[in-house]
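A.B. asks: What follows is a structure written as structure tokens; I'll ask about it next.
FYI, it's all coordinate maths here, none of it is from the lab. For clarity, every value in this text was computed on a predicted model and none was experimentally measured. Quick reminder, even Gly has a Cβ in these numbers, built from the backbone with ideal geometry, and neighbours come from all protein chains shown.
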Amino acid sequence: MLQEISNLLIKSKQLNVWVYRLDLKHGQVGGNKYFKLKYNIEEAKKRNKTKLLTFGGAFSNHIFAMASVGKLYDFETIGVIRGEETLPLNHVLQHAKNCGMHLEYVNRTQYRDKYNLRFTQELKEKFGDFYLIPEGGSNQLALKGCAEIRNEINVEWDFICTPCGTGGTLTGLTLSLEEHQKVLGFAVLKGANFLNDDVNSLFVEYQKNNPNSKLENLNFEIFLDYHFGGYAKKKPELEKFIQTFQNDYQILIEWVYSGKMFYGLFDLIENDYFPVGSKIVALHTGGVYSFSS
Ligand SMILES: *Cc1c(COP(=O)(O)O)cnc(C)c1O
């Protein structure tokens, strides 16, 4: 669903801004995670895998979505969680458990080395064969899924905005651009200088897998200064912005992802980032569902 929003500022700069409501779609898989996971689910089924294993922090929407996927599509799921178990479980982990996900807590050092072969081997010994999906779900199949988001947006646009955690969604969107279009990413982590490198690695791998693709129009920009102190951190200024936004447009947003993106978008508008007449789509990538379940 596409919802146009406007106010005096937007009008005075002669812009159009639409919110694409991914947050209202795909139920408990939700938001951008549906697109990141859809081809992974297909691939796991194709390879006759019965178990999915992934990684995440205790508040990860990706863990939430993966647990839902397990229940909906009949996989056993294992979530390798950073840190110790804290009881009572928070809403994400409680949902995961209710869906039947096995929660495997590991300490921060182990978590940092989560992709090394020895750890993978240990996990295989413990859980048997599984299909591995990386933290945040950002692999090549996720790019393919995220590139499809654009097909759902049936207005002409010049800019598309998305919050960035791992950058997978931004990368997939960038692969789908037409010549005059650009993706704007808003990093929700502090000091996310690694994002540009990570995104570039995803492009390099994509090019390897798709030697005929040209990758000429990689038109994206990531803003690093709207993190408000770091992942899931907030400040009064952000909270006030979210309140006003929700009152003005009746669109629920939160402070982990969507709130930071919209704050950044309005700030760019105010500072004349966009040429007069620009048409802007902001992806509401979801995340709100996990606060209300
Ligand atoms: C996971 C998530 C993101 C981040 O997506 P990346 O592809 O990791 O950048 C953005 N918004 C919401 C609501 C999310 O749950």
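A.B. asks: Can you tell me which of Phe186, Phe203, Phe64 moves the most in a GNM of the chain? Springs connect C-alpha atoms under 10 Å apart.
C.D. replies: Phe203
A.B. asks: Normalised by the number of residues in the chain, what is the relative contact order in percent for Cα pairs under 8 Å and 6+ residues apart?
C.D. replies: Relative contact order, the chain: 24 percent.
A.B. asks: Roughly how big is the chain's charge dipole about its Cα centre, with Cβ charges of +1 (Lys, Arg) and -1 (Asp, Glu), in debye to the nearest 20?
C.D. replies: Dipole about the Cα centre, nearest 20: 680 debye.
A.B. asks: Could I ask something else about it? For the chain, what value does the Rg/Rh ratio take when both radii are computed over Cα atoms and Rh is the Kirkwood radius, given to two decimals?
C.D. replies: Using Cα coordinates only, the ratio equals 0.96.
A.B. asks: Can you list the chymotrypsin sites (Phe, Trp or Tyr not before Pro) in the range 212-265 that are in a DSSP coil and have 11 or fewer other beta carbons within 10 angstrom?
C.D. replies: none
A.B. asks: Using just the helices of the chain, give the 222 nm mean residue ellipticity in deg cm²/dmol: DSSP H runs with n ≥ 4 each add -39,500 (n - 2.57), and the total is spread over all residues, rounded to 500.
C.D. replies: -12000 deg cm²/dmol
A.B. asks: Could you sort the peptides 149-161, 32-44 by per-residue average Cβ neighbour count (10 Å cutoff), highest mean leading? It would help to have the intermediate numbers written out before the result.
C.D. replies: Working: 149-161: 16.5, 32-44: 23.0.
The packing order, highest mean first, is 32-44, 149-161.
A.B. asks: Which number do you get for Rg(Cα) / (2.2 N^0.38 Å) in the range 1-159?
C.D. replies: Numbers: Rg = 18.4 Å, N = 159, 2.2 N^0.38 = 15.1 Å.
Rg over 2.2 N^0.38 Å, computed on Cα atoms: 1.22.
A.B. asks: Give the cross-link partners of Lys190 among the lysines, using a straight C-alpha distance below 24 Å as the criterion and excluding same-chain residues fewer than 8 apart.
C.D. replies: Lys33, Lys36, Lys114, Lys182, Lys233, Lys234, Lys235, Lys240, Lys260
A.B. asks: If I fit a long axis through the Cα atoms of helix 117-127 and take the longest principal axis of the Cα atoms of the chain, what angle between them do I get, 0 to 90°, rounded to 10?
C.D. replies: Its long axis makes an angle of about 60 degrees.
A.B. asks: Let me ask another. To the nearest 0.05, what FRET efficiency results for Thr86 and Met1 with a Förster distance of 30 Å applied to their C-beta separation?
C.D. replies: Values: r = 36 Å, r/R0 = 1.22.
Here the calculated transfer efficiency is 0.25.
A.B. asks: What's the angle, to the nearest 10 degrees (0 to 90), between helix 258-270's Cα axis and the longest principal axis of the chain?
C.D. replies: Here the helix axis deviates by roughly 30 degrees.
A.B. asks: Another question, if that's okay. Highest GNM mean-square fluctuation, the chain, Cα pairs closer than 10 Å: which of Leu184, Leu143, Leu268?
C.D. replies: Comparing Leu184, Leu143, Leu268 in the GNM, the peak value goes to Leu268.
A.B. asks: Can you give the angle from 0 to 90° between the axis of helix 31-46 and the longest principal axis of the chain, with both taken from C-alpha atoms, to the nearest 10?
C.D. replies: With rounding to tens, the tilt is 40 degrees.
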